[in-house]
Structures are given as structure tokens and as C-alpha cells.
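In what follows, a single structure is set out as C-alpha cells and then discussed.
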Amino acid sequence: MGKKCKSCNAPLEGFMYEWIASKFFGLRQSKKDPSVCNKCEDQIKDTVQGREIGKVTHYYSHLSVGIIELSDFVKTGNRVRIKGVTTDFAQNIDSMQIEHRNVSEAKKGDLIGIKVAGKVHPHDKVYKI
């Protein structure tokens, strides 16, 4: 027996996979999690590593700056992950500002602005990883 999807038990390798599952049903190994098929990858909840430290409140596209309301302490150099419905990327905090002043650390309740690597949306969650 070959490898099977841990969710639906569909074959992911071997004779049955090559001739039936892949050609007729379009099944293949998921790129996100190789232990499941591409049909089941959406059903498995993506677990986020790290601790939530805030959420995005605004995004300035012409500056590529996200405004984050903090629920925990953060400092320059921390690695964060920003995750939302259509957003999911990780980056280091190279610099941040509070009220247009550069700061090296911020505490719970502060609104900080950071340069972001991609587009973010209001209510995207920010995790410290």
C-alpha cells in the first residue's frame, strides 16, 4: 500500500494514484501539507505558530505602511507574522513609529506604524514568532 491522505484516505502514490486518483479526479499531494490531498487542504485549519500581539487597523498603500494596535509588548528586530483572510506573510520589524516618531519598543495599547512586505487589511492578526 502506498501513501494515503490522512483526511479522506485517498491514495497519494502507487498504481491507484497514478491511474485513477490523479487522472480522473485531479487529486495530488497538497503543497501546504504533504500528508493530505489538494482537495482536503482547505478543510484542515491552518494553525498559527506564535503569540498574537495585535491587529491591523489601517493600511497606507502609497507608503506600504500598516498601522497595528498592540495587545502585547513588541520591539524592533522581532519577527512577526501577519495573517488574515487573504494575507499571510512573515517579516522582521526593521523600524516602527508612534505618532511619527521612531521608537525601538512599544507596549500594549500603542498604535504603531511599520513598513510591511505586502498588502495588509484591517482586522488582520499580527503574531510574534
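Miscellaneous remarks
- Whole-number D in µm² s⁻¹ for segment 1-44, Kirkwood Cα-pair radius fed into Stokes-Einstein, 10 °C, 1.306 mPa s: 159 µm²/s
- Cross-link pairs LYS4/LYS125; LYS75/LYS119; LYS39/LYS119; LYS31/LYS128; LYS3/LYS128; LYS39/LYS75 - those with Cα-Cα distance over 32 Å: LYS4/LYS125; LYS3/LYS128; LYS39/LYS75
- Listing SER71, SER61, SER22, SER95 from fewest to most neighbouring C-beta atoms within 10 Å gives SER61, SER95, SER71, SER22.
- DSSP-assigned coil residues among trypsin sites (Lys or Arg not before Pro) in segment 29-129, each with at most 15 further Cβ atoms within 10 Å: LYS31, LYS32, LYS45, LYS107, LYS108, LYS119
- Kirkwood Rh and Cα Rg combined as Rg/Rh, the chain: 1.20
- Loop-located GluC sites (Glu not before Pro) in segment 1-110 (DSSP state not H, G, I, E or B) with no more than 11 neighbouring Cβ atoms inside 10 Å: GLU99.
- Per-residue Cβ neighbour counts within 10 Å put HIS58, HIS100 in the sequence HIS100, HIS58, beginning with the fewest.
- Estimated vicinal HN-Hα couplings, Hz - segment 121-129 in sequence order (Karplus 6.51, -1.76, 1.60; Gly, Pro = x): 10, x, 6, 5, 8, 10, 10, 8, 10
- Summarising the label geometry, the points placed 7 Å from Cα in the beta-carbon direction at GLN91 and GLU69 lie 2.2 nm from one another.
- Estimated at 0.36 nm per residue, the fully extended path between ASN38 and GLU105 surpasses their Cα-Cα distance by 20.0 nm.
Computed from the coordinates by the stated procedures, all read-outs in this text should not be read as laboratory data. Just so we're clear, the structure is a prediction, and the values are computed from it rather than from any experiment. Cβ atoms come from the backbone with ideal geometry, glycine included; neighbour counts cover every protein chain shown.
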